[in-house]
Amino acid sequence: MTQTTAGETRFQTTIDADDKVEPRDWMPEGYRHTLIRQIAQHAHSEVIGMQPESNWITRAPSLKRKAILIAKIQDEAGHGLYLYSAAETLGVSREDLVDQLHTGRQKYSSIFNYPTLTWADMGTIGWLVDGAAIVNQIMLQQTSYGPYSRAMVRNCKEESFHQRQGYEIMLTLSRGSAEQRALAQDALDRWWWPSLMMFGPPDSESTHTEQSMEWKIKRMTNDDLRQKFVDMTIPQAEYLGLTVPDPDLVWNVEREHYDFGDIDWDEFWTVIKGHGPMNRERIQHKVGAWEDGEWVREAAIAHSEKAAARAADTIDARGAA
Amino acid sequence: MTGFATMTDPAAAYVLRHGDDNLVLAQRLSEWVSLGPELEEDIALANVALDHLGVATHLLGHASQLVGGGTTDDDLAFQRTEREFTNVVLVEQPNGDFAHTMARQLFMDAYQRLLWEALAVSEDAILAGIAAKAHKESLYHFRHTSGWVVRLGDGTDESHTRMQAAVDNLWRYTGELFEMDDLDRQMVESGVGVDLGALSGPWLHAIAAVAADAMIALPDEVTQRGGGRRGFHTEHLGHLLSEMQWMQRTYPGLEW
């Protein structure tokens, strides 16, 4: 059956015109599945991403830093909720998506499988990890699916605040004592390459990129986004007086971009396949919290059912009288 | 830094004890972040923690001004020992299960609703301003917490058992909320402080109403464990502080 349906024609017209596809519009099943996978992965990343940072709430070095960190993690939980809602417009349930995360059938960003060892990691997560997220999400503001695009507009505002507070931590450390500068450099050394991996495999090995670009779900390739991030970040590192751990890093006058060294893709795939430094801990923490909370969620449901039954009894009793 | 134990300025000591209540409670609540029973509750607990942390920061800031000599809010938070903290022992109790956290919070929310309302007319204008803002927050904290206490008390057999156990376990720390010491009496006389004894009746009334909806029995226990206001804490506080103060103690004298 090669005949083009009215729905298909309308979908293609929408894509071609750079308009937004909305939940009730007809869309190809592949488009729907790609979006569900991508939005769910994004939501899971926000939620799992709470863990490396919450690791430092109780040890934050000042009252101000503690408040900012709590507020930031609270934003991330909010982003998670918002993105789960966006995914639900495509006909899946949040429960099902969470279950897929817990059972390893859906993934989250590889970056959160690294441990936060020192306070300086709160700086690098804000500066590099949120910085990389912004590069990706600015692109996704132009994505063809309406609810996802609108979620990204809102996310980006908060993410840029997160990125600034992270950079401000780094600035304070790099202007501080020798010990603090060493903490900052150590954190950059550990987070630099994993941050570059956040953009995903190289274009030559990315299975989803081509189709996603055609559907305008993605508007830039992994490698182009990565380059944009490197170009944006190197001057920031220089301003901090920190050394990016890449001996091959050099400004290319002809390309007007930075050339940078080879990414260790073996490490990337090892982490993606579940064998990174913190993969098991992250999921155990998440599943553990979910299981510990089961009696609470059951109680909430039981109470609301009892309350509804009592209300109905009251109405019956009034009717009988 | 030492010497806070002998803090002689009564106005500063008075502001500080209420600041300590909020700081320690915020620290406990923030331990829940990423561990809540559902994502919405993670957000709610973080929000309540932030409110208490905000109040604590204002009160410690005010106390540090009263102390003078360049002391900062962070000095008071991160440089005092467990013997120098003057929070009530209720707030330092571990989170336990969600029912324990909600029982602790219910007792504090009901208390702070009354406390802030009374302190909002303090002769200390700065304290009054902080209290007026905190009072608004305590109203919705109480609504949030009492909603959960009723859900858990009325919900399932398991949740009812856990909620009752939490109330039973923490009841012995509630008497301290209304104990009057010399500093309290002095502050009442000067128009800065509040007569805590007068709050206990309305507090019990509010708690009894929630307990009735939750089908929770209030304990008969009369033996109470206080002492926090004079630095005689439970063993939990030292561990909480050693975690909270770790950075400042490890890297003394730095800006973060």
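The values are calculated or read from the model by the stated rules, or taken from the named source; none is laboratory data. These figures come from a predicted structure and were not determined experimentally. All Cβ positions, glycine included, derive from the backbone under ideal geometry; neighbour counts span all protein chains shown. All accessible areas refer to the heavy atoms of the entire protein, side chains included, with ligands and DNA or RNA removed. Shrake-Rupley method; radii C 1.70, N 1.55, O 1.52, S 1.80 Å.
Here is how the numbers come out for the structure above:
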item	result
Only one of B:Phe98, B:Phe107, B:Phe78 that is crowded, with 18+ Cβ neighbours inside 10 Å, in contact with a Ser or Thr (Cβ under 8 Å, 6 or more places away or on another chain) and closer than 30 Å to A:Glu291 by Cα	B:Phe107
Residue match in the range A:206-216 (condition: among the aromatic types (Phe, Trp, Tyr) and open to solvent by 20 Å² or more (accessible area, probe 1.4 Å))	yes
A:Trp251 vs. criteria within 30 Å of A:Leu183 (Cα to Cα), away from every other protein chain (no Cβ under 14 Å) and touching a strand residue (DSSP E or B) at 6+ places or on another chain (Cβ under 8 Å)	yes
Residue among A:Ala300, A:Ala289, A:Ala317, A:Ala237 that alone is open to solvent by 30 Å² or more (accessible area, probe 1.4 Å) and part of a helix (DSSP H, G or I)	A:Ala317
Pair list, Cβ under 6 Å, 6 or more apart: the range A:279-297 residue in contact (Cβ under 8 Å) with a residue 12 or more places away in the chain, other residue part of a helix (DSSP H, G or I)	A:Asn279/A:Asn113; A:Arg282/A:Ile48; A:Arg282/A:Gln51; A:His285/A:Gln51; A:Val287/A:His102
Residue match in the range A:259-269 (condition: touching a His at 6+ places or on another chain (Cβ under 6 Å) and closer than 18 Å to A:Met197 by Cβ)	no
Residues of the range B:17-42 satisfying the condition of being away from chain A (no Cβ under 14 Å) and surrounded by 24 or more Cβ atoms within 10 Å (Cβ to Cβ)	B:His18, B:Asp21
Extreme residue, farthest from the other protein chains (Cβ to nearest Cβ), among residues of the range B:76-96 that are of a type in the set (S, T, N, Q) and under 23 Å from B:Gly129 (Cβ atoms)	B:Thr86
Among (1) under 18 Å from the mean Cα position of the chain (by Cα); (2) loosely packed, with under 15 Cβ neighbours inside 10 Å - the single one A:Thr243 does not satisfy	(1)
Inter-residue pairs, beta-carbon under 7 Å, first assigned to a helix (DSSP H, G or I) and in the range B:11-25, second among the acidic types (Asp, Glu), 6+ apart	B:Ala11/B:Asp124; B:Val24/B:Glu92
Given (1) modelled with pLDDT of 95 or more; (2) in contact with an Asp or Glu (Cβ under 6 Å, 6 or more places away or on another chain), number of the condition A:Asp203 does not satisfy	(1)
Boolean, B:Arg104 is assigned to a helix (DSSP H, G or I) and either within 13 Å of chain A (Cβ to nearest Cβ) or under 19 Å from B:Glu243 (Cα atoms) (or both)	no
Total residues in the range A:118-133, condition closer than 19 Å to A:Gly176 by Cα and open to solvent by 10 Å² or more (accessible area, probe 1.4 Å)	1
Tally of residues being touching a Pro at 6+ places or on another chain (Cβ under 7 Å) and open to solvent by 60 Å² or more (accessible area, probe 1.4 Å) across the range A:262-286	1
Any pair with Cβ under 8 angstrom, 6 or more apart, that starts in the range B:148-163 at a residue that is of a type in the set (Asp, Glu) and ends at one that is not in a helix (DSSP H, G or I)	B:Asp154/B:Met215
Test result for B:Asp73, facing chain A (nearest Cβ under 9 Å) and more than 19 Å from B:Ala110 (Cα to Cα)	yes
Every residue from the range A:214-234 that is assigned to a loop (DSSP other than H, G, I, E, B) and in contact (Cβ under 8 Å) with a residue 60 or more places away in the chain	A:Trp215, A:Lys216, A:Ile217, A:Lys218, A:Arg219, A:Met220
Residues satisfying the stated conditions in the range B:155-183, i.e. of a type in the set (Val, Ile, Thr) and within 8 Å of chain A (Cβ to nearest Cβ)	B:Thr156
Test: residue in the range A:303-317 that is more than 14 Å from chain B (Cβ to nearest Cβ) and of a type in the set (S, T, N, Q)	yes
Qualifying residues in the range A:270-320 (those that are modelled with pLDDT of 95 or more and of a type in the set (Asp, Glu)) - the one farthest from A:Lys107 (Cα to Cα)	A:Glu305
Condition check for B:Leu152: on the phi < 0 side of the Ramachandran plot, within 14 Å of chain A (Cβ to nearest Cβ) and open to solvent by less than 30 Å² (accessible area, probe 1.4 Å)	yes
